Every structure is written in structure tokens, then in C-alpha cells.
1. Tell me, yes or no, whether the stretch 150-170 has at least one residue that is surrounded by fewer than 19 Cβ atoms within 10 Å (Cβ to Cβ) and of a type in the set (V, I, T).
2. Among the residues of the stretch 173-198, write down those that are polar (S, T, N, Q) and either at pLDDT below 95 or out of contact with any strand residue (DSSP E or B) (no Cβ under 8 Å at 6 or more places or on another chain) (or both).
3. Could you check I147 against (1) buried (at least 22 other Cβ atoms within 10 Å of the Cβ); (2) over 14 Å from the mean Cα position of the chain (by Cα) and say which number it fails?
4. With A139, A217 as the choices, which residue is surrounded by 19 or more Cβ atoms within 10 Å (Cβ to Cβ) and either of a type in the set (A, V, I, L, M) or modelled with pLDDT under 95 (or both)?
5. Considering only residues that are farther than 16 Å from S135 by Cβ and part of a strand (DSSP E or B), which ones fall in the stretch 155-191?
Amino acid sequence: MKKIILSLTLLLLLGGCADPEAGADTVREHFDGLPGFSAHVKIFSDFGGSALEYELDYAYNREGSDHLTLTAPESVAGIEATIDGEDSFLLRYGSVELDDGMPALYGVTPADCVYWLLRELRESEPLEVWTETVSGVPALALRYESIAEGEEITITRQVWLASGSLAPLCAEVYADGSRALLLTFSYYQEGAPAAPESPAEPEAQPEAQPESAAPPAE
């Protein structure tokens with residue numbers, strides 16, 4: 001009997017089977033207690049009939065405001081945004097400021113997608129949790145779903161976190177089943193909430209692409 005129990009335990013370990021509920025709890029606790037991080041994110045936007053690529057530096061500060069700076073394409077490089085809660089969004093370019101610039105549909109634009117992804121990781125219960133390999137990196141994958149307030153649009157977010165460190169590798173955002181955004185984290189560093197000076201060099205992560213980058217099952 002002991003041999004049978006031991007064999008089953010080994011099968012579970014070798015098969016990579018994990019308790020999804022335990023994984024979700026670990027993710028929530030990790031990001032809820034995180035004091036800050038800095039990241040460089042590449043974003044492919046395919047929403048509203050046009051495909052565009054952006055890059056930005058993002059600084060998260062648990063005790064203050066989030067800050068992002070667009071770095072690409074050149075036409076928008078230098079535009080900054082400060083996010084202080086879901087109802088406060090300040091756009092800035094040089095000396096020009098635009099207050100209350102939060103997009104009407106939360107979380108499906110390059111400007112606020114990282115903020116809302118973090119909100120999901122910190123506060124929400126995922127619908128699904130599974131393990132997967134992303135560009136050779138073992139990852140924990142989570143799928144979240146919500147209804148956009150006042151829009152009756154289903155927003156689905158899938159995010160892949162590196163197993164162990166829980167560093168974000170990539171994420172996808174869907175609006176009513178159509179992919180709107182693909183996010184790739186090429187740099188991620190937890191700690192002091194300051195944007196990296198050179199995001200491509202220190203601890204750079206490989207270009208992360210989930211093996212199952214398909215619309216979520218209905």
C-alpha cells in the first residue's frame with residue numbers, strides 16, 4: 001500500500017499537477033503584498049480594426065500612483081500617464097496635461113491595460129488556472145473574466161506568470177471573444193517603484209509567446 005501511495009505522489013509531482021485554488025491564492029497574496037515593480041512592456045493592439053505596436057515603461061507603487069511612459073512608436077514616445085485609482089488618469093506630454101483621460105472601456109487600451117491586469121492579479125478570483133510552457137519557461141496561466149460596467153462587453157484576461165517567481169511573462173486581453181491586446185514583458189523587476197533606465201539589458205526575459213494563444217473557450 002505504501003508503494004502505491006508513493007507512486008501516485010511521484011506521478012502527481014512529475015506530471016506538474018498543482019492545486020489550482022492554491023495557485024490562485026498564492027498569486028493574489030503575492031501581488032497584493034507587492035510594494036512596487038518596474039517593467040518594460042511591448043503591446044500589440046488589435047482593437048477597433050487597426051493593428052498597432054507600442055512599448056512602454058511602467059512603474060507600480062502600492063502606496064502611491066502608477067506611472068507609465070510610452071517609448072515607442074516614435075510618434076507617441078515621451079507621452080506619460082499617472083494612474084491614481086480607476087477614476088484618476090492624468091496624461092502628460094511636456095508641459096501639457098490632460099486630466100480625467102481614462103478610457104471609457106477599462107483595460108483594453110495600451111494606456112491602462114497593465115493597471116487593470118494588476119488589479120485582476122491582486123483582487124480577483126480566476127476562472128481557470130493551469131500550467132504551460134512559454135518560450136521554454138515553465139509558467140502558471142490564469143484566466144479572468146468580467147463585464148465592462150455600462151458596456152455589456154465581456155472582458156477576458158489571460159496571463160502567464162513564471163513558475164516560482166510569478167514574474168509576468170505575457171498576457172492577452174479579449175473583448176467579447178476577440179483579442180484586443182497582446183502584452184509581452186521584456187523586463188520586470190520587483191522592488192522600488194522606479195522605471196528602468198535601460199529595460200532591455202538587465203535580467204531581460206525572452207520574448208514570451210504562450211503556446212495556446214487562441215481565444216478563450218466559450
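The values are calculated or read from the model by the stated rules, or taken from the named source; none is laboratory data. Note that the coordinates shown come from a computational prediction; the quantities given were computed from them, not determined experimentally. Because the Cβ atoms are built from the backbone with ideal geometry, glycine has one as well, and the counts that use them run over all protein chains shown.
1. For the stretch 150-170, residues surrounded by fewer than 19 Cβ atoms within 10 Å (Cβ to Cβ) and of a type in the set (V, I, T): present.
2. Hits for the stretch 173-198 are S178, S198.
3. Status for I147: all satisfied but (1).
4. When all the criteria are applied, what remains is A139.
5. I155, T156, R157, V173, Y174, A175, S178, R179, A180, L181, Q189, E190
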